[in-house]
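This report refers to the structure that appears directly beneath it.
The values are calculated or read from the model by the stated rules, or taken from the named source; none is laboratory data. Keep in mind that this is a model prediction, so the values were computed, not measured. Here Cβ is always computed from backbone atoms with ideal geometry, including for glycine, and neighbour counts include all displayed protein chains.
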Amino acid sequence: MKPEDLPGYLGEIAEAAGVDAALAIAEVRGGTRIDIPARVSEGHWLIDVVGREAADLICEYFRTLSPDQREAGARHIVIPRGPAAILKQAQQRLEKELLLGASVRSAARASGLSERTAFRVQKKLRDRQNKRRGDQSEAQQLKLF
């Protein structure tokens, strides 16, 4: 995976400190708003997640100088959820396509997932549908008594 493969600020973090650091931050703080200080101090969550060297590189990347030469970090940036979120969206697209009656092949193509995954999801959807039908018939039988 390359930095340009990551969305938004994760790509920038990957440029500064590497893809592993960006993915670690996405795992811990993805989907939330964070502040990146101009300089990181001991005990800061960023050091705990990516280590001192990577944390320093990230702070340096986002550090800015005000007109009066004061250092400032990045404030209130939203960290994307990362690859896990992208996979979840693809899985949701796959389910939607299958529920709309698309073939396994076209649903897989539309979602960017494999046909094998599409077959597994199709089976899961069928099993879920059959269970619902079974629950409904049980309820109908109970109403008879």
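Some values worked out for this structure:
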{"item": "Gly82 vs. criteria under 30 Å from Ala107 (Cα atoms) and in contact (Cβ under 8 Å) with a residue 60 or more places away in the chain", "result": "yes"}
{"item": "Segments classed as helices (runs of 4 or more DSSP H), wholly inside the range 5-58, with at least 1 members that are outside the structural domain of Ile77 (by TED's automatic domain parsing) and either within 16 Å of the chain's Cα centre (by Cα) or not aliphatic (A, V, I, L, M) (or both)", "result": "none"}
{"item": "Filtered residue count, the range 72-102, keeping only those that are surrounded by 12 or more Cβ atoms within 10 Å (Cβ to Cβ) and either closer than 22 Å to Val19 by Cα or in contact with a strand residue (DSSP E or B) (Cβ under 6 Å, 6 or more places away or on another chain) (or both)", "result": "16"}
{"item": "Considering residues of the range 76-114 that are closer than 30 Å to Pro37 by Cβ and outside any helix (DSSP H, G or I) only, the residue farthest from the chain's Cα centre (by Cα)", "result": "His76"}
